[in-house]
1. Looking only at region 63-95, count how many residues are assigned to a loop (DSSP other than H, G, I, E, B) and among the small types (Gly, Ala, Ser).
2. If you go through region 96-113 one residue at a time, do you hit one that is under 23 Å from ARG2 (Cβ atoms), in contact with a strand residue (DSSP E or B) (Cβ under 7 Å, 6 or more places away or on another chain) and in a loop (DSSP other than H, G, I, E, B)?
3. State the number of residues belonging to region 91-122 that are in contact with an Asp or Glu (Cβ under 8 Å, 6 or more places away or on another chain) and among the polar types (S, T, N, Q).
4. Within region 109-129, which residues are under 20 Å from GLY97 (Cβ atoms) and surrounded by fewer than 14 Cβ atoms within 10 Å (Cβ to Cβ)?
5. How many of the residues making up region 77-89 are touching a residue at least 40 places away in the same chain (Cβ under 8 Å) and either of a type outside the set (A, V, I, L, M, F, W, C) or surrounded by fewer than 22 Cβ atoms within 10 Å (Cβ to Cβ) (or both)?
6. What number of residues in region 1-25 are within 29 Å of SER147 (Cβ to Cβ), in contact (Cβ under 8 Å) with a residue 60 or more places away in the chain and either surrounded by fewer than 16 Cβ atoms within 10 Å (Cβ to Cβ) or among the hydroxyl-bearing types (Ser, Thr, Tyr) (or both)?
7. In region 116-151, which residues are of a type in the set (A, V, I, L, M, F, W, C), in a strand (DSSP E or B) and farther than 18 Å from GLY80 by Cβ?
8. What number of residues within region 32-45 are touching a residue at least 60 places away in the same chain (Cβ under 8 Å) and assigned to a helix (DSSP H, G or I)?
Amino acid sequence: MRPMRIETPRLLLRSWTQEDAPSLLAIYSDAAVIEHIPHVRLRDLAAAEAKVREMQELEAANGCTLWAVERGRELIGVCGFRTRDELGFAFRSDVWGQGYAREAAAACLRWSGQQGVRRIVASTRASNSGARRVLDKLGFVDTGRASPDGVWLIYERLTAESAL
């Protein structure tokens, strides 16, 4: 399988390399990020290296993953798919509010449309107003449903092309 490369005006979404582990650790150990996605907290470099391997294996098995997102040559976030129809993203807190999540997610939605995916879901905590705004801007709709534990709001987008 060829490594993934999706370019936008400001970003590069790409497959993971083990050299990305320190940057991933910085994202998934940032207290502001972890407040919204505590289940991904990484505590050390070994855990980050394992997470990179997990994302590489997911991409090899499914053709998609939460890809590394670079601005210039600096890794600033992750964005992509947990499954072919479940969008996810996380960015370093120091780059929040600059439109990177929307830009990366829109590129991922275009990619999914090219793969024939027509229904995308995403989930976020009710308290994560930034992620909810990104999903709203991308044309997702709050379904009114929540995860079984009540923590995650479920959003849905029925077509991959509209609102991009």
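1. Looking only at that region, the number is 2.
2. no
3. The qualifying residues number 2.
4. ALA126, SER127, SER129
5. Looking only at that region, the number is 2.
6. 0
7. Residues satisfying the conditions are VAL141, ALA146.
8. Of the residues in that region, 2 qualify.
Readers should treat all values here as calculations from the given coordinates under stated rules, not as data from a laboratory. Everything numeric here is computed off the predicted structure, so don't read it as measured data. Please note: Cβ atoms are built from the backbone with ideal geometry, for glycine as well, and neighbour counts cover all protein chains shown.
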